[in-house]
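Shown next, in structure tokens, is the structure this report addresses.
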Amino acid sequence: MSNIVVDKSKVPWWVSNVIVPLVNLTLALLVSGLFVFIAGENPIEAVKLIIFGSFGYIQGFAYTLYYTTNFIFTGLAFAVAFHCRLFNIGGEGQAYIGGLGVFLVAINLSFLPVPIVWLLAIFGAFLFGAAWAYIPAYLQSKRGSHVVITTIMFNFIASSLMIYLLVDVIRDTNQMAPHTVKLPEAIWLPSFEAFSGILGIKIRYSPLNLTFLLAIASLFFVWFLVWKTKWGYEMRAVGHNTQAAIYAGISPHKNIIIAMCISGGLAGLLGVNEILGVSHKIQAGFPAGYGFTGIAVALMGRNHPIGILPAAFLFGILYQGGSEVTFEMPNITRYMFVAVQGLIILFSGALENLFRPQIESFFVRRLNREVNA
Amino acid sequence: MVSPILELSNINKSFGHVHANKNINLQINKGTIHGIIGENGAGKSTLMSIVFGLYQANSGTIKINGKEINLKSPRDSIINGIGMVHQHFMLVENFTVLENIILGFEGETVFGEKLQKAKQDLEKLCQTYNFNIDLDATISDLSVGFRQRVEILKSLYRGAEILILDEPTGVLTPQEVDELFKILRALKEEGKTIVLITHKLIEIMDLTSEVSVMRQGEMVGHTKTEDTNKEQLAEMMVGRSVLLRVDKKEIKKGETIFQVNNLSVKDDLDVTRVKDVSLEIRSGEILGIAGVTGNGQTELLEALSGIRKVESGKIELFGEKISDQDNFLNPRMLKQKGLAHVPEDRQRMGLITDFKAHENLIFGYHDQEPFSKSSILNNREITEYSNKVMQEYDVRPNSPNLITSNFSGGNQQKIILSRELNENPKVLLVGQPTRGVDIGAIEFIHQRLIDMRDRGAAILLASVELDEILSLSDRIIVMFDGKIVGEKENKNVTERELGLLMAGVA
């Protein structure tokens with residue numbers, strides 16, 4: 001057991017918010033490198049492939065940003081709920097149902113002017129995601145059922161519900177696979193190819209689309225909501241000290257529900273990227289784990305939009321670079337990168353305080369020496 | 001000349017911009033009870049945490065028995081014979097006394113012979129100092145006074161020669177305080193050295209042989225206790241002369257503005273804690289509620305301030321019903337009607353200690369102009385306001401962006417007070433306004449309450465400090481077992497009279 005007590009007020013912000021996460025990340029990558037080595041491949045080559053795959057050519061970089069978009073949504077979703085001290089691990093299910101919202105709005109209102117369809121579809125995604133989060137929120141606030149349990153159950157329920165819908169209700173009946181018909185092409189969100197054409201770059205295909213800007217806007221939205229509005233203030237108050245919130249006349253019930261609904265809504269926006277932007281139809285299992293990885297993104301980003309952006313980008317790099325590696329190195333499977341993600345979660349989340357005291361006290365002593373000298 | 005057992009020279013310690021200890025020199029002689037007194041935030045606890053190895057000083061040396069030592073952690077201090085009893089006890093609730101004492105000290109004593117040996121040693125210690133503790137009792141069954149004894153015993157068992165006690169009497173009843181003092185005197189007789197950190201002058205005069213005074217991070221004086229008196233010490237603590245008694249004008253009673261009829265309230269465990277209480281408060285008067293903690297004052301205040309549901313009866317403000325068994329207005333609505341509440345437990349209820357000071361200064365008023373407009377917080381207004389009130393209420397340090405838990409108890413209380421008094425409430429409910437607050441701040445807080453009264457507010461003051469009730473109240477009611485057992489005008493009431501009522505015997 002370490003007995004190091006660090007005077008927190010002396011730790012510069014960049015040590016606790018930049019250096020410590022970087023150290024944890026490096027450790028996770030080192031251990032991952034070891035795995036790669038054991039699997040019989042050269043870790044240095046793997047790193048080169050990751051970097052080339054995610055930055056080396058324009059299409060690869062576009063893929064990286066496309067993944068980043070999804071992680072921003074699910075990372076923000078987790079962070080918002082967490083500021084009310086709610087552990088929303090139901091991002092996966094909320095994103096799934098959010099996708100249903102996008103599709104239903106877009107397909108039924110496709111006769112409207114295109115930008116209006118987009119806006120309504122975004123709204124639909126948010127609303128459906130929020131509605132799916134509302135039920136666990138209600139159960140938490142009124143009945144005390146813990147959201148960790150209920151949200152994870154709601155992931156399974158969402159999955160079953162969507163399978164049912166995709167098989168029996170909204171399946172494209174011209175074929176047998178569990179997915180819907182495609183949306184009319186007119187209302188697809190413009191993808192990066194279209195823009196790159198204007199810039200004179202020619203690429204074959206990229207999933208990156210206008211939703212990326214929506215993700216950036218969401219970062220601002222969350223920052224503004226949590227720190228600049230009375231709602232954010234009340235959510236944080238309930239999260240930090242429920243007793244005090246009651247004393248000040250702030251309703252814990254109301255704020256638990258608001259925080260969870262905004263959280264679920266943000267997760268739902270993932271559907272905009274996937275359905276309006278990329279596949280243009282609902283496919284079974286499209287959230288593909290983004291909801292869970294969002295937890296790691298938020299933890300790594302310390303639940304702040306400024307941290308979530310680079311964390312989401314990092315996971316984007318891993319996803320894109322990782323698929324490049326699995327393609328080039330036969331001994332490395334897709335699951336290896338699930339393990340790498342797991343290691344990052346382990347080091348930046350669960351073992352976050354493993355080295356924090358040592359690093360912080362090192363810098364505190366170091367800086368003091370400079371001051372005293 | 002006795003040689004000092006503990007000698008500190010030129011100790012410096014800063015937290016961020018706050019210089020908590022400035023060039024502290026201190027000598028503590030063997031076999032004495034040495035008092036360290038100072039306002040909250042004066043740096044006493046910081047200094048002792050350095051001695052106990054919890055913090056490391058930025059500079060300065062610590063000598064024990066003339067030998068310079070380097071204390072990197074509490075373990076080093078324990079090895080060097082220093083023990084500390086914290087304000088908040090560090091005990092495992094569902095372990096026995098014995099288990100708590102040997103916990104972490106000797107890994108192998110949990111079973112067998114060594115355990116028996118430890119038990120015998122402890123029993124001997126208990127006898128020597130008359131501790132009267134059952135070593136096999138579970139901590140959760142013990143009262144606060146006994147838990148404190150376990151802490152002391154733990155330190156002694158680990159070989160403490162110097163025992164540091166941080167505000168030991170804050171949580172004790174008067175009888176428990178007497179018992180504690182007996183134990184401390186016995187320890188002194190046996191040659192142990194005791195360092196007593198406190199802000200209560202009576203304890204210093206009662207117990208210590210030497211006293212050191214701290215003010216704003218500096219050591220402002222050392223003296224033998226017999227050469228000084230309470231007034232002089234108080235003056236040294238706050239740096240000016242202090243009125244230990246409150247000056248207050250003749251009462252100008254107005255009409256009744258707050259009325260409670262036949263109120264009953266249940267607690268969270270569904271036990272009726274307030275039984276059929278009726279009271280009224282007039283404009284311009286302070287109604288004091290005296291009583292031993294846990295006789296329903298907490299639940300009464302919570303019901304009156306809209307936090308807790310009323311079981312039966314009703315509450316009226318300006319003749320308008322605000323609460324009965326069917327519905328109650330929530331605290332924010334009550335605030336808008338001019339009812340403010342300074343809660344008993346400032347850290348559990350009055351503040352969000354993880355928030356910055358300016359966020360706490362608007363807590364509960366955050367959705368009103370000018371702090372927020374159409375739900376968006378106006379940071380410029382909030383900062384401007386925070387700077388203003390923190391100056392006005394002398395909150396130290398005057399930094400609105402500091403996290404609230406970094407302020408001392410007294411300054412935290414001032415943050416709450418400034419927030420609740422600023423709107424000029426018509427009715428003010430106050431619980432334990434000066435618990436854990438230093439003398440300088442007590443005087444300030446009392447004066448603010450008197451000012452509110454003179455401006456015509458109706459004030460309900462619940463306090464376990466009889467002194468406070470007697471010096472502030474115009475009228476006193478005594479609560480026992482949830483009922484009002486006595487009501488007196490505050491003229492020629494004696495502490496004895498109230499004490500008997502509080503004990504439920506009169």
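Below is a table of values for the structure above.
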{"quantity": "Helix-derived mean residue ellipticity, 222 nm - over chain A, DSSP H n ≥ 4, -39500 (n - 2.57), to 500", "calculated": "-21000 deg cm²/dmol"}
{"quantity": "Where trypsin sites (Lys or Arg not before Pro) fall in DSSP loop in the stretch B:408-457, at most 13 other Cβ within 10 Å", "calculated": "B:Arg455"}
{"quantity": "Pairs beyond 30 Å (Cα-Cα), from A:Lys228/B:Lys309; A:Lys182/A:Lys230; B:Lys67/B:Lys230; A:Lys228/A:Lys254", "calculated": "A:Lys228/B:Lys309; A:Lys182/A:Lys230; B:Lys67/B:Lys230"}
{"quantity": "Per-pair calculated FRET efficiency, R0 = 25 Å: A:Ala284 and A:Glu185 via Cβ, rounded to 0.05", "calculated": "0.65"}
{"quantity": "Equivalent ellipsoid semi-axes, the protein assembly as shown, via Cα gyration tensor eigenvalues times 5, rooted, Å", "calculated": "56, 37, 25"}
{"quantity": "Set of lysines with alpha-carbon distance to B:Lys188 below 19 Å, sequence-local pairs under 8 removed", "calculated": "B:Lys30, B:Lys124, B:Lys154, B:Lys224"}
{"quantity": "Heavy atoms of A:Val114: accessible area, 1.4 Å probe, square angstrom to 10", "calculated": "50"}
{"quantity": "Convex hull per residue volume in Å³, alpha carbons only, for the stretch A:90-213", "calculated": "140"}
{"quantity": "Calculated FRET efficiency for the pair B:Glu392/B:Asn261, C-beta based, R₀ 41 Å, to 0.05", "calculated": "0.65"}
{"quantity": "Under 25 Å from the Cα of B:Lys249 - lysines, other chains or at least 8 residues apart", "calculated": "B:Lys414, B:Lys426, B:Lys488, B:Lys491"}
{"quantity": "Rounded Å value of the spacing that divides the Cα centres of the stretch A:306-337 and the stretch B:405-438", "calculated": "53"}
{"quantity": "Residue-by-residue Karplus 3J(HN,Hα) for the stretch B:203-219, coefficients 6.51, -1.76, 1.60, Hz, glycine and proline x", "calculated": "5, 4, 5, 5, 10, 8, 9, 9, 9, 10, 10, 10, 9, 6, x, 10, 8"}
{"quantity": "Where chymotrypsin sites (Phe, Trp or Tyr not before Pro) fall in DSSP loop in the stretch A:18-118, at most 15 other Cβ within 10 Å", "calculated": "A:Tyr57, A:Phe87, A:Phe111"}
{"quantity": "Sum of side-chain charges, A:Pro287 neighbourhood, beta-carbon under 11 Å (Lys, Arg +1; Asp, Glu -1)", "calculated": "-2"}
{"quantity": "Computed [θ] at 222 nm, helices only, for chain B once each DSSP H run of length n ≥ 4 contributes -39500 (n - 2.57)", "calculated": "-9500 deg cm²/dmol"}
{"quantity": "Shielded residues, the stretch B:338-358 - accessible-area loss of 30 Å² or more between chain alone and all protein chains, probe 1.4 Å", "calculated": "B:Arg348, B:Met349, B:Ile352, B:Asp354, B:Phe355"}
{"quantity": "Protein accessible area in the protein assembly as shown, 1.4 Å probe - carbon and sulfur %", "calculated": "56"}
{"quantity": "Size of the A/B contact, given as accessible area buried on both chains, probe 1.4 Å, in Å²", "calculated": "2700"}
{"quantity": "Inter-chain shielding of A:249-256 (mean C-beta neighbours from other protein chains, 10 Å cut-off)", "calculated": "3"}
{"quantity": "Cα-Cα separations in the stretch A:151-204 greater than 13 Å, expressed as whole percent", "calculated": "71"}
{"quantity": "Kirkwood hydrodynamic radius over Cα pairs of chain B, then Stokes diffusion coefficient at 25 °C and 0.890 mPa s, in µm²/s", "calculated": "99"}
{"quantity": "Over 31 Å (Cα to Cα) - which of B:Lys321/B:Lys388; B:Lys13/B:Lys192; B:Lys44/B:Lys192 fall in this group", "calculated": "B:Lys321/B:Lys388"}
{"quantity": "For the protein assembly as shown: accessible area per residue (Å², 1.4 Å)", "calculated": "44"}
{"quantity": "Equivalent ellipsoid semi-axes - Cα gyration tensor, the stretch A:148-292, angstrom", "calculated": "36, 24, 10"}
{"quantity": "Distance between modelled label sites at B:Glu280 and B:Lys72, nm, 7 Å Cα→Cβ extension", "calculated": "7.0"}
{"quantity": "Relative counts (whole %) of C-alpha pair distances in the stretch B:380-440, using bins that are 10 Å wide", "calculated": "21, 53, 25, 1"}
{"quantity": "Pair B:Thr272, B:Glu93: separation of 7 Å Cα→Cβ label points (nm)", "calculated": "2.8"}
{"quantity": "The stretch B:4-238: antiparallel DSSP beta bridges as a percent of all, rounded to 5", "calculated": "55"}
{"quantity": "The stretch A:59-308: C-alpha pair distances exceeding 35 Å, %", "calculated": "15"}
{"quantity": "Virtual spin-label span in nm between B:Leu500 and B:Asp206, 7 Å along Cα→Cβ", "calculated": "2.3"}
{"quantity": "The stretch B:251-386 - convex hull of the alpha-carbon atoms, volume per residue in Å³", "calculated": "149"}
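The values are calculated or read from the model by the stated rules, or taken from the named source; none is laboratory data. This one's a predicted model, so the numbers in the text were calculated from it and none came from an experiment. Neighbour counts run over all protein chains shown; Cβ positions are idealised from the backbone, glycine included. Just the protein is used for accessible areas: all its heavy atoms, side chains included, with ligands, DNA and RNA removed. Shrake-Rupley method; radii C 1.70, N 1.55, O 1.52, S 1.80 Å.
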